[in-house]
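Contents: one structure, followed by commentary.
The values are calculated or read from the model by the stated rules, or taken from the named source; none is laboratory data. Remember, it's a predicted structure, so these values are computed and weren't measured experimentally. We place every Cβ from the backbone using ideal geometry, glycine too, and count neighbours over all the protein chains shown. These accessible areas exclude ligands, DNA and RNA; they are computed on the full protein's heavy atoms, side chains included. Shrake-Rupley method; radii C 1.70, N 1.55, O 1.52, S 1.80 Å.
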Amino acid sequence: MASPSTQADYAAFEEKVKRTVYLDNLSPHVTEPVVRSALNQFGNVKSVRFIPNYIEPRSIPQCALVEMEDLMQAEAVVSMTSHHYFMVSGMPRPVRARPAEVNMFDDRPKMPGRTIQCQWLDENNSDFKIAQKIKDLTMLNAAQSAFLLKQQLQEEENLAKYQQDILNANYKKHEVIDNIMVDGTARRLADRYNLRCD
């Protein structure tokens, strides 16, 4: 039978899971302060922990576990992102949110009464072929994910460059307008064409 402290630890962990939100589709450029700032509008963010992408040579966070102060705040985040596009810090992809699950936490306490057994499989074992197939599928999935991530990052870079170019063009337009107002060109043109220049 599990000790009372183990049961209490696991119960406290389950409460933490209930008030935690799993954020997905985050840009690799999103940082912890950005996530905190974005979700503080729903309540108090207690902690933000990015889940690293272990299938890439470099660790690129694309999802995060965000612990809110209580269950209602976590539900508000999930509800809002399921009904509206939620953009974090102007990043070009909408963020998805859903309630966290127990198996998303790598630091979860041992479940009371549960034991895990591991063993090496012999090639003649009936489960060996199944394990080999799972391993091959995992490697295929890793290769496909790496390709998709590369494409996604390229699209984000292109979109960010496009947005910056538009911003620069608009800034130059405003700068030209300010200059013609300051140097009197607008007043002279208004006088010439009998227009008001206020």
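Explain nothing, just the number: dipole magnitude of segment 76-150 about its Cα centre with +1 on each Lys and Arg Cβ and -1 on each Asp and Glu Cβ, in debye rounded to the nearest 20.
320 debye
Simple spin-label model, 7 Å along Cα-to-Cβ: Y171 to K18 in nm?
4.9 nm
Hey, got the dipole for the chain? About the Cα centre, +1 on K and R Cβ, -1 on D and E Cβ, debye to the nearest 20?
Numbers: 24 positive and 26 negative charges, 87 e Å.
The calculated dipole for the chain is roughly 420 debye.
Expressed as a whole percent, how much of the Cα-Cα distance distribution for the chain exceeds 23 Å?
Summing the P(r) of the chain above 23 Å gives 65 percent of all pairs.
Assuming a ≥ b ≥ c are the square roots of the Cα gyration tensor eigenvalues, decide whether segment 136-196 counts as rounded (a/c under 1.5), prolate (otherwise, with a/b larger than b/c) or oblate. Intermediate results must be reported in sequence, preceding the final value.
Values: a/c = 11.92, a/b = 6.64, b/c = 1.80.
Prolate.
Report the one residue of T20, A169, F86 whose Cα lies farthest in the direction of the positive end of the charge dipole of the chain (charges on C-beta: Lys and Arg +1, Asp and Glu -1; origin at the Cα centre).
My answer, from the dipole projection, is A169.
Return the calculated 222 nm mean residue ellipticity for the chain, to the nearest 500 deg cm²/dmol, obtained by summing -39500 (n - 2.57) across DSSP H runs with n ≥ 4 and dividing by the residue count.
On the way: 5 runs with 101 residues, N = 198.
After summing the helix terms and dividing by the residues of the chain, the value is -17500 deg cm²/dmol.
Would you check the accessible area of T31, probe 1.4 Å, heavy atoms only, in square angstrom rounded to 10?
60 Å²
Assuming 0.36 nm per residue, please report the length gained on full extension of the stretch D70 to A142 beyond their Cα-Cα distance.
Separation in residues times 0.36 nm, less the Cα-Cα distance, equals 22.4 nm.
I need the shape label for segment 76-169. Rule: rounded when a/c is under 1.5, else prolate if a/b > b/c, else oblate, with a, b, c from the alpha carbon gyration tensor.
Here segment 76-169 falls in the oblate category.
If I ignore ligands, DNA and RNA and count only protein heavy atoms, how much of L159 is accessible to a 1.4 Å probe, in Å² to the nearest 10?
Surface accessible to solvent at L159 totals approximately 60 Å².
In debye, nearest 20, what is the charge dipole magnitude of segment 123-198 about its Cα centre with +1 on Lys and Arg Cβ and -1 on Asp and Glu Cβ, if you could check?
It comes to approximately 260 debye.
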